[in-house]
């Protein structure tokens, strides 16, 4: 079995990115891998005092749903002091006058994120990112055609970068209200949502409207139609099938266009999701 290591962070999307990349690598190369996550804290660490479970528990739970799960054996190293000691989670934050912490858009130099023993993918500056298309195993899902799942950055432990906060809390309230007035059942998730509850709602919903982050890899691995508030190219990598939009009034297809034209939003995002689902079906074929 080959060895891969990955830097662990408090974000679900970060560890699911690792799982997707390594599972895809196994599939393409007909190999099995020991994936070792390195954490700067202990096994029982809660990033926020209201977290219903640890990041380790979330990782282990979600990995159970991965297609070809046994290709990747997950291990954990706690209290990391060697391979990823160049960076700590707190390094990316600045403290505001009111005491809150905000992710800083500051170039702190290169941060090591992963290591492939084979050298197939490298973390050096300018190197291409690993291929991250993967999927959950086939499973029966009874979708609610009226359910829309949303998440916004308001309730995060720290404020995300500015580009992830294109809308105010009140803007999001207006979007939710518009969808509910149209008869849609809107379910809001946060980082405090138990992972089992997030998995249930995302596996049974029709649509996701969100900012770039949080539970987005679950939606990706289910190939759920998504509209994401983002102006960054990284969104195309992490959620390649999404309808990417913003709040720019000069953009004819901004978020308010889609919310005011819900049939268009549901139709366009479904079209892209179906195309991506067809692409992911190849992974159910034996290699």
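The values are calculated or read from the model by the stated rules, or taken from the named source; none is laboratory data. Worth saying up front: this structure is predicted, and the values here are computed from it rather than measured. Because the Cβ atoms are built from the backbone with ideal geometry, glycine has one as well, and the counts that use them run over all protein chains shown.
Here are the numbers for the structure shown:
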| item | result |
| --- | --- |
| Which listed residue, of 36, 60, 80, 43, is in contact with a strand residue (DSSP E or B) (Cβ under 9 Å, 6 or more places away or on another chain) and either free of Cβ contacts under 8 Å to residues at least 24 places away in the same chain or at positive phi (or both) | 60 |
| Members of segment 56-72 that are surrounded by 13 or more Cβ atoms within 10 Å (Cβ to Cβ) and either touching a helix residue (DSSP H, G or I) at 6+ places or on another chain (Cβ under 7 Å) or not in a helix (DSSP H, G or I) (or both) | 58, 59, 61, 62, 63, 65, 66, 67, 68, 69, 71, 72 |
| Cross-chain or 6+ apart pairs with Cβ under 8 Å, segment 106-132 first and assigned by TED's automatic domain parsing to the domain that holds residue 25 and more than 14 Å from residue 83 (Cα to Cα), then modelled with pLDDT under 95 and not in a loop (DSSP other than H, G, I, E, B) | 106/92; 106/94; 108/91; 108/92 |
| Extreme residue, farthest from residue 10 (Cα to Cα), among residues of segment 183-203 that are at pLDDT 95 or above and touching a strand residue (DSSP E or B) at 6+ places or on another chain (Cβ under 7 Å) | 184 |
| Lone qualifier among 183, 233 - being farther than 16 Å from residue 166 by Cβ and out of contact with any helix residue (DSSP H, G or I) (no Cβ under 7 Å at 6 or more places or on another chain) | 183 |
| Segment 255-272 residues that are without any contact (Cβ under 8 Å) to a residue 12 or more places away in the chain and outside the structural domain of residue 181 (by TED's automatic domain parsing), paired with ones that are surrounded by fewer than 16 Cβ atoms within 10 Å (Cβ to Cβ) and part of a helix (DSSP H, G or I) (beta carbon under 7 Å, 6 or more apart) | none |
| Single match in 180, 206, 253, 272 (criterion: in contact with a strand residue (DSSP E or B) (Cβ under 8 Å, 6 or more places away or on another chain), exposed (fewer than 15 other Cβ atoms within 10 Å of the Cβ) and more than 17 Å from residue 62 (Cα to Cα)) | 180 |
| Strands (runs of 3 or more DSSP E) wholly inside segment 204-280 containing at least 3 residues that are within 13 Å of residue 150 (Cα to Cα) | 207-211, 226-229 |
| Checking residue 142 against (1) without any contact (Cβ under 8 Å) to a residue 40 or more places away in the chain; (2) surrounded by fewer than 17 Cβ atoms within 10 Å (Cβ to Cβ); (3) closer than 27 Å to residue 280 by Cβ, the condition it does not meet | (1) |
| Residue under evaluation residue 48, criteria (1) loosely packed, with under 15 Cβ neighbours inside 10 Å; (2) assigned to a loop (DSSP other than H, G, I, E, B); (3) without any contact (Cβ under 8 Å) to a residue 60 or more places away in the chain, criterion not met | (3) |
| Some residue of segment 212-227 being over 27 Å from residue 138 (Cα atoms) and either buried (at least 22 other Cβ atoms within 10 Å of the Cβ) or out of contact with any strand residue (DSSP E or B) (no Cβ under 9 Å at 6 or more places or on another chain) (or both) | no |
| Matching entry among 245, 239 (being closer than 19 Å to residue 133 by Cβ and surrounded by 15 or more Cβ atoms within 10 Å (Cβ to Cβ)) | 239 |
